[in-house]
Amino acid sequence: IMNTSMQNSTETSRSASARQEIRLKVLRALEENPELSQRQLAAQLSVSLGGVNYAVKALVERGFVKVKNFSRSDNKVAYLYVLTPSGLAEKVSVATALLGRKLEEYEVLTSEIEALKSEAAPRDSLER
């Protein structure tokens, strides 16, 4: 049984990882299409509009994304979300950190799968 501080630590690291994943997805999507609205971004990433708004706001405050106004073809004003040079560097940094975490998760899953296979193997041979 995990103690409470270990559970809290695991939950905190999971939520930090989830925030990093959202941040990376937002950076990737805005790099590809800076004209996306936050609503379109939320739909494309399957993230809540509030989650996208929080992520974009944080990226703008940290100087990773610059917001510019532009006029759409339907004469409505919209925003252009442009990654700054530090935003491009942040994207690489977050991708590198997530890659490391995913590789660790992969190693854990691989060993769990092998253990399950070895547990299941004797039963298979007995049933035949």
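Things worth noting here:
- Sites Leu99 and Ser48, calculated FRET efficiency, Cβ-Cβ separation with R0 35 Å, nearest 0.05: 0.85
- HN-Hα J in Hz across segment 86-91 - Karplus 6.51, -1.76, 1.60, θ = phi - 60°, x for Gly and Pro: 6, x, 5, 5, 5, 4
- When all protein chains stay in place and ligands, DNA and RNA are ignored, the 1.4 Å accessible-area order of Thr84, Thr96, largest first, is Thr96, Thr84.
- Under 25 Å of direct C-alpha separation, and excluding same-chain neighbours fewer than eight residues apart, Lys117 reaches these lysines: Lys102.
- Once the chain from Glu112 to Ser71 is taken as fully extended at 0.36 nm per residue, the excess over their C-alpha distance is 9.4 nm.
- Lysines whose Cα lies under 21 Å from that of Lys57, excluding same-chain neighbours fewer than 8 positions away: Lys25, Lys66, Lys68, Lys91
The values are calculated or read from the model by the stated rules, or taken from the named source; none is laboratory data. Since the structure is predicted, the reported quantities are computational estimates derived from the model, not experimental observations. No Cβ is skipped: glycine too gets one built from the backbone with ideal geometry, and neighbour counts run over all protein chains shown. Accessible surface is based on the protein model in full, side chains and every heavy atom, while ligands, DNA and RNA are left aside. Shrake-Rupley method; radii C 1.70, N 1.55, O 1.52, S 1.80 Å.
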